[in-house]
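The values are calculated or read from the model by the stated rules, or taken from the named source; none is laboratory data. Just so it is clear, the structure is predicted and the values come from calculations on it, not from any experiment. Cβ placement follows ideal geometry from the backbone for every residue including glycine, while neighbour counts extend to all protein chains displayed.
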Amino acid sequence: MLPAMEFLIKDEKVFSGGLSCRGCGWSLLVRHLSSILGENTVYVVPASCFSIIAGPYPLNEIKGTIVHTIFAAAPATATGIRHTLDRQGRKDTNVVILAGDGGTFDIGFQALSGAASRGENLIYLVNNNGAYMNTGIQTSSATPYGAVTTTNPNSNFKKKFPKDLMGIIAAHNIPYAATASLAFMEDYRAKIKKAKEMEGFRLLMVDGPCPPGHKVEPANSIQVARLAVESNLYPLFEVEYQNYKVNYRPTKQLPATECMKLQGRFKHLFKEENKHLLEETQKVTDYNWRRLLALEKLSVEFVL
Amino acid sequence: MNNTETSTKKKYPRHTEKVMKGNFAAAEAAKICKAGFIPAYPITPQTTIVEELAEKVGSGEMDAAYVNMDSEHSVFAAAMGSALAGERVFTATSGQGLFYAHEVLHAIAHFRLPMVVCNVGRPSIPWNIWSDQSDSLSQRDTGWIQFYGESSQEVLDTIIQSYILSEKLEIPVFVVLDAFYQSHTSENVWIPDQDLVNEFLPPKQLKGTEINPDKPIAVGGLVQPEHYGKFNYDFWIDINRVENLTNQIGEDFYQKFGRKYQAVEAININKDTKIILVTISSITTTAKGVIQHHPEVGILKIRLFHPFPKNSILEALKDVANDTLLVAIERNFMGDKVGAMMQELREAFYGERYFKMIDVFTGQGGKDVPPITIEKIIYKAKNNPEDVIWIDME
Ligand SMILES: Cc1ncc(C[n+]2csc(CCOP(=O)(O)OP(=O)(O)O)c2C)c(N)n1
Ligand SMILES: [Mg+2]
């Protein structure tokens, strides 16, 4: 049997010479996204690593329109663009927000909630690399438990679990929200296609590899992303009008430590005196997974 | 539209006279200017502007996309996105809303996006919702042009003129009106017929610099130090054109509509004038009444506040004697030793003329400035002209 080829980019929309670090999630996810969405797309980019990767003035690394905007207001900027393109008869143009976790979980949270509540016809892609990476690895509310960042250094590592953005966004009762991983390319690509065909507010959250931020060897970046899914640290699922569907069930769930041990940001947790913290992480991971399965069972058909 | 003509000869042909509050005049202006995008968020005393616009759009009287946003930060960001795509944008805010949007104000100006926004002036918390210009004046350095309207008629007319100015220069414009004294006070307003407005302000033309999915570009990406100054230089060139253009557009407007507006208005300013009150907004009207009894007192009304119309001011004062006393009236507090008006006046006269000037803080947080207060100011200016005077602090 031939290996699956569904993840090959046939119509490249990103120019070479992008400014990302080696092993960065941003570049890969944008290449796939843009190859599927096509050139009739406006990307709205709040402050993030992608502000830089997309190229300095007057360059543009994507075949498509890019609007760089302020950190807190990408969904609002996109709202203005969307309504105006619609009035110009351009309902077919995709308007897509490309934001980081900081721009989504924290500073852009209100604008995100506003756009989702209004049901704006936008696609929101969040590259969740678990910290403010562009400014040098500071803690965001998406930073995982136990991670060291420059604002949670050493033994002052992050001692809170990240907030459940998917749960919050699902509660907005939007047509589509999904998680995706760059180690599961067919799944990611299928979700982009699905989102593209839908109308209304759609959100994709990608687990974003960041070698310098996670202290991972660039060559291991996809491997770590795969282990995150196989250990249920980053489950793949989609939510349509609050109905959850798990897209991937590991045949044999790996311990969270398998994924964490490849990441220098968790190194201190492997010291003998922090053993209980690793156990806590495992417990919360299992809790999240069980809860996800329960939510999936809860499914109630949405009728309008 | 109902064109009932009551009198045989109207003061302004092709107009309808109505009694309306300042906020409704502002909303009416947005309609006749054919604004196509209105992001909205409520704040007293601006609310009736966005409510009225919601009504106009909802009833089909106005063809625009109206969006209830989640904050003023988002309002201005949406306005920015829409203007980037080429729409004629209108919105309104006040006080905390304007402060909250500060970051976006810079972005809109530096992206060189045309739009007109009404601000109904009120100061900062501790809570106060009444007339004060500290909100808009504190946004002076964001790059927005600022006009202050004396009457509802002037607000409406200035919005029309501002779209011309804004779209010509690609610089956003604030039209500021006074809380309650204007926003919620009814006056007679002559509303120009739609076709008259269309002749003066045609529907927005795309310039080719807008985002266009057919011709993909990147907007707003990282600008290196080699280039950044060039953007500011170009901006500076155009900021220098604002004053003349304001006067020219005011003249064109006069030809078409019969009402004359310039960057400044000089009232009773001549070689015999001993004291000049420098005012903005509705205090001007009160002062106009008071100086009827003081032939030696004139008024310099600043309509275009930013960029400060230095040449028009020098021109207006060219015949006055050097010992004329200038009184800056400040319904603002900038956390500084003098108010915003005094700062600007000093800069305008530097190296040009020397006048003794005194700074008067009054009407703060909406305190009424009735004729008696203006009388007091004139009395103090004559008898005890301290450098800085706070009215009614005892
Ligand atoms: C209002 C504001 N505050 C702070 C910043 C500084 N800033 C720029 S990018 C960035 C980090 C972005 O983090 P995230 O959204 O997670 O994206 P990433 O860089 O990780 O891709 C920060 C804090 C800013 N540009 N604007
Ligand atoms: Mg991040």
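Can you confirm whether B:Phe231 is at pLDDT 95 or above and within 14 Å of chain A (Cβ to nearest Cβ)?
Criteria met by B:Phe231.
When you scan the stretch A:9-18, how many residues do you find that are touching a Gly at 6+ places or on another chain (Cβ under 9 Å) and surrounded by fewer than 18 Cβ atoms within 10 Å (Cβ to Cβ)?
3
Checking B:Leu137 against (1) among the aliphatic types (A, V, I, L, M); (2) surrounded by fewer than 24 Cβ atoms within 10 Å (Cβ to Cβ); (3) closer than 20 Å to B:Gly335 by Cβ: exactly one of these is not met. Which one?
So B:Leu137 meets the others, but not (2).
Among the strands (runs of 3 or more DSSP E) contained in the stretch B:55-170, which hold 1 or more residues that are away from every other protein chain (no Cβ under 14 Å)?
The strands (runs of 3 or more DSSP E) meeting that bar are B:90-93, B:116-121, B:145-148.
To keep it simple, each residue is scored yes or no on (1) under 19 Å from A:Cys49 (Cβ atoms); (2) within 16 Å of ligand 2 (Cβ to nearest atom); (3) in contact (Cβ under 8 Å) with a residue 40 or more places away in the chain.
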| position | (1), (2), (3) |
| --- | --- |
| A:Ile70 | yes, no, no |
| A:Val95 | no, no, yes |
| A:Asp101 | yes, yes, yes |
| A:Leu112 | yes, yes, yes |
| A:Ser117 | no, no, yes |
| A:Glu120 | no, no, yes |
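Just need a number here: residues in the stretch A:40-56 that are more than 16 Å from ligand 2 (Cβ to nearest atom), within 24 Å of A:Gly108 (Cα to Cα) and assigned to a loop (DSSP other than H, G, I, E, B).
Of the residues in the stretch A:40-56, 2 are more than 16 Å from ligand 2 (Cβ to nearest atom), within 24 Å of A:Gly108 (Cα to Cα) and assigned to a loop (DSSP other than H, G, I, E, B).
Is it the case, given these coordinates, that A:Asp106 is within 16 Å of ligand 2 (Cβ to nearest atom) and of a type in the set (Asp, Glu)?
Yes; evaluated as a whole, the condition is true for this residue.
Only one residue in A:Val224, A:Val300 is under 19 Å from A:Asn128 (Cα atoms) and among the β-branched types (Val, Ile, Thr). Which one?
A:Val224
Is at least one residue of the stretch B:53-68 basic (Lys, Arg), surrounded by fewer than 19 Cβ atoms within 10 Å (Cβ to Cβ) and modelled with pLDDT of 95 or more?
Within the stretch B:53-68, not a single residue is basic (Lys, Arg), surrounded by fewer than 19 Cβ atoms within 10 Å (Cβ to Cβ) and modelled with pLDDT of 95 or more.
Limited to the stretch B:277-293, what total is found for residues that are crowded, with 20+ Cβ neighbours inside 10 Å and of a type outside the set (Val, Ile, Thr)?
Counting residues in the stretch B:277-293 that are crowded, with 20+ Cβ neighbours inside 10 Å and of a type outside the set (Val, Ile, Thr) gives 4.
So which residues in the stretch A:139-159 are near ligand 1 (Cβ under 9 Å from one of its atoms) and hydrophobic (A, V, I, L, M, F, W, C)?
The one that is near ligand 1 (Cβ under 9 Å from one of its atoms) and hydrophobic (A, V, I, L, M, F, W, C): A:Ala142.
Restricting attention to the stretch A:20-39, and to residues there that are farther than 20 Å from A:Pro75 by Cβ and away from ligand 2 (no atom under 16 Å from the Cβ), which single residue is farthest from the other protein chains (Cβ to nearest Cβ)?
A:Arg22
Quick check on the stretch B:354-369: of everything there that is in contact with a helix residue (DSSP H, G or I) (Cβ under 7 Å, 6 or more places away or on another chain) and in a loop (DSSP other than H, G, I, E, B), which residue is surrounded by the most Cβ atoms within 10 Å (Cβ to Cβ)?
My answer is B:Gly363.
Hey, A:Glu39 hits all of (1) within 13 Å of ligand 1 (Cβ to nearest atom); (2) surrounded by fewer than 24 Cβ atoms within 10 Å (Cβ to Cβ) but one; which does it fall short on?
Evaluating A:Glu39 over (1) within 13 Å of ligand 1 (Cβ to nearest atom); (2) surrounded by fewer than 24 Cβ atoms within 10 Å (Cβ to Cβ) leaves (1) as the failure.
Filter the stretch A:81-109 down to residues that are near ligand 1 (Cβ under 8 Å from one of its atoms) and in a strand (DSSP E or B) and give me whichever is farthest from the other protein chains (Cβ to nearest Cβ).
Looking at the filtered set, the residue picked out is A:Gly100.
How many residues are more than 10 Å from ligand 1 (Cβ to nearest atom) and assigned to a loop (DSSP other than H, G, I, E, B) if we restrict to the stretch A:110-138?
Looking only at that region, the number is 4.
Could you tell me which of the residues B:Lys318, B:Lys337, B:Lys271 is farther than 30 Å from B:Phe180 by Cα, in contact (Cβ under 8 Å) with a residue 40 or more places away in the chain and part of a loop (DSSP other than H, G, I, E, B)?
Every option except B:Lys271 fails the conditions.
Scan the stretch B:193-203 and tell me whether some residue there is crowded, with 18+ Cβ neighbours inside 10 Å and not hydrophobic (A, V, I, L, M, F, W, C).
So far as the stretch B:193-203 goes, no, none of its residues is crowded, with 18+ Cβ neighbours inside 10 Å and not hydrophobic (A, V, I, L, M, F, W, C).
Can you name the residue in the stretch B:291-315 that is in contact with a strand residue (DSSP E or B) (Cβ under 8 Å, 6 or more places away or on another chain) and part of a helix (DSSP H, G or I) and, of all such residues, is nearest to B:Ile372 (Cα to Cα)?
B:Ile291
State all residues of the stretch B:169-179 that are buried (at least 19 other Cβ atoms within 10 Å of the Cβ) and in contact (Cβ under 8 Å) with a residue 60 or more places away in the chain; if no residue qualifies, say none.
Across the stretch B:169-179, the qualifying residues are B:Leu169, B:Ile171, B:Pro172, B:Val175, B:Val176, B:Leu177, B:Asp178, B:Ala179.
Which residue pairs have Cβ atoms closer than 8 Å, lie 6 or more positions apart in sequence or on different chains, and pair a first residue in the stretch A:207-226 that is away from every other protein chain (no Cβ under 14 Å) with a second residue that is within 12 Å of ligand 2 (Cβ to nearest atom) and at pLDDT below 95?
So the pair list comes out empty.
Looking at (1) in contact (Cβ under 8 Å) with a residue 12 or more places away in the chain; (2) crowded, with 24+ Cβ neighbours inside 10 Å, which is the one condition that is false for B:Ile32?
In the conditions (1) in contact (Cβ under 8 Å) with a residue 12 or more places away in the chain; (2) crowded, with 24+ Cβ neighbours inside 10 Å, B:Ile32 misses (2) alone.
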